[in-house]
């Protein structure tokens, strides 16, 4: 499963891409593969403040429903509306068109506590 | 398919797999204070003696009364086909078997139930059923809370008291707010009060109103729905299913969810149930529906097949994060409703509803002549409240005269001066002219007696 070097990863299998003070969040290719065909995604409202580790949405596959957990704290500034009609984008392109929310990160937040690509590769290999 | 409890060997094998000596550690999460710790039961009795005792107890039931009690449970003619079908061995369990798809027949009856109720309610999706009308109403309110992410619900006070109490029980530990809306003199929900409540305070997840409401009165459902939607809230209609044969279906007047008690559809009145919770919703809310849904598909060989669908939010998968942890499927009661509706058909059901309405007009006139006029001015279908001086005493006295004079409203609205002397009475298609005459005659005597006593005291 693809793990991109330019991203950071939570142990709940969300990825984070930093664009200045904005963090883009999605789920990893490994998570999408494990979940199976994703049929429905519930995303938060724009403006919702999120704490790190807080559930911000729900992803439903044919076999399970899982919470999406914020990898870092921040305020939701944009959600990927395309996923409402086409949740399968998460399976097809988890790091691209399958992104889920953009967060305005709180001052100084850099996702340092998250895993880098190498650590995440270790995790998924072990799992 | 046989149904049997676990044997001692089964339990021993399971404990071995778990590495446990006894099952006690599995209950560790339940505080000792709420555990049963043994039941205080009398010892065993010989079957014949026990049967005789139960017969003596059953003989205390008054089955001879002319019955005008409705208040959420309604007597109707039961076509013999209903009992015949639900007594068949293939169906005679309340539960959906595991693996459910093995039992295509059971799934098909649930699918038919959902389809019939979708037609009656005019809504897109109907669940496989819930415990009862109270549970369905509480689940409807919770659906709205999840869908809107708001935590405040407004409910007309003229919704069945038990439904509101159950909803409150579900709400209070979760910190959710349930506010009751007042009613007007005519028995309908106060729309001005609704508008005010929507305008102040935290945003509202849902507005709940009954049709007919708990006083038997018809509510302006379209207007209530419009006000709810204008405030971004969902609209929940608490319905009585037989009435839907003659009243507008919830889907037509803009309800997002309909909840109600399915007992009137082929299930005899029974103290304590089992009853049948109806829960229906628009497509937009399909993922918020708790419990089971049966869908239709085709198998690998292209044959029609019935399956459990959208199961991913059920508690065996999501545990404590499931859409509901207070959920069952009343499959046998749903089957009774399905056979009842299929036997009567749309015209038959219309006759049932219209017949009850016609008997209720006769009852209204007879009671008014006997000195018990209606309390509310609003239109009703087959149930209404009448004013009877000293209602609780008269109610008890009428039982001695062979009449069950409905529900004393003081039991539901003890603080309401107008309703304290009210009796909620109903008629259905099985109510006879003779029963109505017995009620009116007995009432005339009792109300007369009251006046005489009052004079004597003065």
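Just so you know, all these numbers are worked out from the coordinates, no wet-lab data involved. Only a predicted model underlies this, so the values are computations on that prediction, with no experimental measurement involved. Please note: Cβ atoms are built from the backbone with ideal geometry, for glycine as well, and neighbour counts cover all protein chains shown.
Per the Cauchy relation, a quarter of the hull surface: what is the mean projected area of the convex hull of the alpha carbons in chain A, in nm²?
Average of the hull's projected areas for chain A equals 6.8 nm².
Would you please classify the overall shape of segment B:192-238 from the alpha carbon gyration tensor, given that a ≥ b ≥ c denote the square roots of the eigenvalues, rounded means a/c under 1.5, and beyond that prolate means a/b larger than b/c while oblate covers the rest?
Because a/c hits 1.5 or more and a/b exceeds b/c, segment B:192-238 counts as prolate.
Once you wrap a convex hull around the alpha carbon atoms of segment B:65-153, what is its projected area averaged over all directions, in nm²?
Spelled out: convex hull of the Cα atoms, projected over all directions, averaged, 9.2 nm².
What share of the DSSP beta bridges in chain B is antiparallel, in percent to the nearest 5?
55
Determine, for A:63, A:102, the number of other Cβ atoms within 10 Å of each Cβ, and report the residues in order from fewest to most.
A:63, A:102
Given a Förster distance of 60 angstrom, what is the FRET efficiency for residue A:93 paired with residue B:393, based on the Cβ-Cβ distance and rounded to 0.05?
Working from the Cβ atoms, E equals 0.20.
For the protein assembly as shown, what is the percent of antiparallel DSSP beta bridges, rounded to the nearest 5?
About 70 percent, rounded to the nearest 5.
Could you give P(r) for segment B:96-224, binned at 5 Å from zero, as whole percent values over all Cα-Cα pairs?
That works out to 2, 10, 17, 18, 19, 14, 9, 6, 3, 2, 1, 0, in percent per bin.
Report the label-to-label distance for residue B:88 and residue B:20 in nanometres (one decimal), using points 7 Å from each Cα along the Cα→Cβ vector.
Each label point lies 7 Å from its Cα, and together they span 3.9 nm.
What is segment B:185-266's relative contact order, in percent, from Cα pairs under 8 angstrom and six or more apart in sequence?
It rounds to 27 percent for segment B:185-266.
Would you mind giving the mean number of other chain beta-carbons within 10 Å of the Cβ of each residue in A:54-66, as a whole number?
3
Subtract the Cα-Cα distance of residue B:185 and residue B:35 from 0.36 nm times their separation in residues, and report this length gain in nm to one decimal.
49.3 nm
I'd like the distance between the alpha-carbon centres of segment B:102-172 and segment B:20-80, rounded to an integer number of Å.
Rounded to whole Å, the Cα centres lie 25 Å apart.
Do the sum for chain B: with -39,500 (n - 2.57) for every DSSP H run of n ≥ 4, divided by all residues, what is the mean residue ellipticity at 222 nm, to the nearest 500 deg cm²/dmol?
My calculation for chain B gives -12500 deg cm²/dmol from helical runs alone.
Could you check how many percent of all C-alpha pairs in segment B:268-373 are farther apart than 21 Å?
I get 62 percent for the Cα pairs in segment B:268-373 exceeding 21 Å.
Run the numbers on chain B and let me know its relative contact order in percent, using alpha-carbon pairs under 8 Å that are six or more apart.
20
Exposure proxy check: B:294, B:200 ranked by fewest other beta carbons within 10 Å?
In increasing order of surrounding Cβ atoms, one gets B:200, B:294.
Could you pull the Rg and Dmax for segment B:407-451, using just the Cα atoms, both in Å?
According to the Cα coordinates of segment B:407-451, Rg and Dmax are 13.0, 35 Å.
Relative to 2.2 N^0.38 Å, what does the C-alpha radius of gyration of segment B:349-458 come to as a ratio? Two decimals please.
Its radius of gyration relative to the 2.2 N^0.38 Å reference: 1.07.
Once both axes come from the Cα atoms, what is the angle between helix B:433-457 and the longest principal axis of chain B, in degrees from 0 to 90, rounded to 10?
60
With an 8 Å cut-off on Cα pairs and a minimum separation of 6 or more residues, tell me the relative contact order of segment A:50-89 in percent.
38
Students often check this: by mean Cβ neighbours within 10 Å, which of B:28-36, B:347-355, B:126-134, A:24-32 ranks highest, and how do the rest follow?
Descending packing order for the listed peptides: B:126-134, A:24-32, B:347-355, B:28-36.
Which shape class, rounded, prolate or oblate, goes with segment B:47-88 when its Cα gyration tensor gives a ≥ b ≥ c as root eigenvalues, a/c under 1.5 marks rounded, and past that a/b bigger than b/c marks prolate?
Judged from the Cα gyration tensor, segment B:47-88 comes out oblate (a/c at least 1.5, b/c at or above a/b).
Express the C-alpha Rg of chain B as a ratio against the empirical globular expectation 2.2 N^0.38 Å, rounded to two decimals.
After normalising by residue count via 2.2 N^0.38 Å, the value is 1.07.
What angle, in degrees between 0 and 90 and rounded to the nearest 10, separates the Cα long axis of helix B:391-400 from the longest principal axis of the Cα atoms of chain B?
Once rounded, one gets 80 degrees.
Can you classify segment B:363-406 as rounded, prolate or oblate using the Cα gyration tensor, where a ≥ b ≥ c are the square roots of its eigenvalues, rounded means a/c under 1.5, and otherwise it's prolate if a/b beats b/c and oblate if not?
Prolate, since a/c reaches 1.5 and a/b exceeds b/c.
Taking every Cα atom in segment B:205-269, find the radius of gyration and the maximum pairwise distance Dmax, and write them in Å.
12.0, 40
Could you work out, for segment B:244-311, what percent of all Cα-Cα pairs fall into each 5 Å distance bin, beginning at 0 Å and stopping at the bin that holds the largest distance?
3, 12, 16, 17, 17, 17, 11, 4, 1, 0
Which whole-percent values make up P(r) of segment A:21-90 when all C-alpha to C-alpha distances are grouped in 5 Å steps starting at zero?
3, 17, 29, 26, 17, 8, 1, 0
Each label point is 7 Å from the Cα along the Cα-to-Cβ direction; what then is the distance between the points at residue B:27 and residue A:51, in nm?
Taking the simple label geometry, residue B:27 and residue A:51 are separated by 3.5 nm.
Roughly what angle does helix B:104-121 make with the longest principal axis of chain B, taking Cα atoms, 0 to 90 degrees, to the nearest 10?
It works out to around 40 degrees.
Considering every pair of different Cα atoms, what Kirkwood radius, in Å, is found for segment B:35-116?
Answer for segment B:35-116: a Kirkwood hydrodynamic radius of 17.9 Å.
Quick check: convex hull over the Cα atoms of the protein assembly as shown, volume per residue in Å³, rounded to an integer?
223
Sort B:39, B:234 so that the residue with the fewest other Cβ atoms within 10 Å of its own Cβ comes first and the one with the most comes last.
So the residues, fewest neighbours to most, are B:39, B:234.
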